[in-house]
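This report refers to the structure that appears directly beneath it.
Since every read-out is calculated from the coordinates, none of them should be taken as a lab result. Note that this is a predicted model, so its numbers are computed, not measured. Reconstructed Cβ throughout: ideal geometry from the backbone, glycine too, with neighbour counts over all protein chains shown.
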Amino acid sequence: MATVSKLSCPSLTAPPPSSIRVRSLIPRVSFGGVSRVGDVPRLSVDGKRNVGVSLAVRCSINGGNGNAAKRTVLHDLYENGGQSPWYDNLCRPVTDLLPLIASGVRGVTSNPAIFQKAISSSSAYNDQFRELVQSGKDIESAYWELVVKDIQDACKLFEKIYDETDGGDGYVSVEVSPRLADDTVGTVEAAKWLHKVVNRPNVYIKIPATAPCIPSIKQVISKGISVNVTLIFSLSRYEAVIDAYLDGLEASGLDDLSRVTSVASFFVSRVDTLIDKMLEMIGNPEALALRGKAAVAQAALAYQLYQKKFSGPRWDALVKKGAKKQRLLWASTSVKNPAYPDTLYVAPLIGPDTVSTMPDQALQAFTDHGSVARTIDSDISEAEGIYGGLEKLGIDWGYVGNQLEVEGVESFKKSFDSLLDTLQEKANSLKLASL
């Protein structure tokens, strides 16, 4: 395995900015009925797909995605629903994002798993990687050079949205090494380094919401660096994330806080995946009736917490200095259980000042047959009933959050290590070929 430094901040000279399958849908009726928006096709009630524009990015294919759709439900989501649709994927050529931006996508998120898939399965990185290896770069330094170039190029594409919204939208997220999830100081140093080397105003540095990294979030925010806090799986940890953001703003000493922003990435589908298994083990009718309901219920309560924490005297004092709310971002929005509606983790979570980051599957499904209505707080009593009902059945929300956090960190570590191994193999092949 390739050697990875403790801080995962190799010496790197930032490269200059360049000029720059979606699963078939099963029959179902979408939330809010079936409609047609602009030129985007919808499913008919019997579930048969109409042929139309695909929003799936086709990486490294000549010609990219072709013509962009004109107006989609994603525009309505932002303009009427107050929610920013982001794309949870990134690969080369980043110009393949242009049709998505035209279709209403307003930001991009990435993670180690996304880059592992992009770099290991594409030839688009070969030329740059070969140059890096031949110049003597070690494997990890080469990895970060590849990543930084993608992030910089993507930031350039979203710069117009960032400027038009005065820093409210148009962000591209890049995550610190997953090996730092239990390293408070290392995470701070990695975040500072990434922020400096990417050197774009619309970059978000992703930091996991692990207990050791909660203090890191405060410190990074206090240094004026915008943060995407990721891997949030529970209400208690989410509240700690909000407090870290507020503490960081207060500790910054800045007179103008308007350029320090943040999102809190609250994961949804993975919650149902774990709790559904627990409910099936319980096995009684009451438990089985709650399958597929836990994630959305907890998310609805998270939005209530968001509204509570970003109000009152403490927040008002920060607003006077230009502070912006740390928006809730719904992550892990693709449906893992094919028996569930394919917009299950998008349609019920629409509300003002939120973000929904969608991978290909979820983005395609919602654009194809989603509709816009404020749903996140349409029935809070039901959400509270589901949340409490699960507790009465013996579901420990603290255990669920901790378990999913461990699994999430380990998954990203595995992807990170796998990619470094793949790059090492490529480097060895290049060296052999040059002999």
Scalar couplings 3J(HN,Hα) for the stretch 307-322 by Karplus 6.51 cos²θ - 1.76 cosθ + 1.60 (θ = phi - 60°), nearest whole Hz, x for Gly and Pro, are 5, 5, 6, 9, 7, x, x, 4, 5, 4, 5, 6, 4, 4, 9, x
Length gained if THR95 through GLN403 is fully extended, taking 0.36 nm per residue and subtracting the Cα-Cα distance, is 107.1 nm
For a footprinting-style exposure proxy, rank ARG92, ARG374 by other Cβ within 10 Å, fewest first.
ARG374, ARG92
Given an 8 Å cut-off on Cα distances and at least 6 residues of separation, report the relative contact order of the stretch 259-318 as a percent.
31 percent
Determine the alpha carbon to alpha carbon distance for each of LYS160/LYS325; LYS218/LYS293; LYS160/LYS196; LYS70/LYS336; LYS192/LYS324; LYS117/LYS413 and list only those over 24 Å.
LYS218/LYS293; LYS70/LYS336
Hull volume per residue for the stretch 245-368, using the convex hull of the C-alpha atoms, in Å³ is 122 Å³
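Rounded to two decimals, what ratio of Rg to Rh does the stretch 261-310 give with C-alpha atoms and a Kirkwood Rh?
Here Rg/Rh amounts to 1.12.
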When N counts the residues of the stretch 168-310, how does its alpha-carbon radius of gyration compare numerically with 2.2 N^0.38 Å, as a ratio?
1.18
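Roughly what percent of Cα-Cα pairs across the stretch 293-435 reach past 27 Å?
Details: 4324 of 10153 pairs.
The share of Cα pairs beyond 27 Å in the stretch 293-435 comes to 43 percent.
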Grab the Cα-Cα distance for ALA317 and ASP138, subtract it from 0.36 nm times how many residues apart they are, and report the gain in nm with one decimal.
59.7 nm
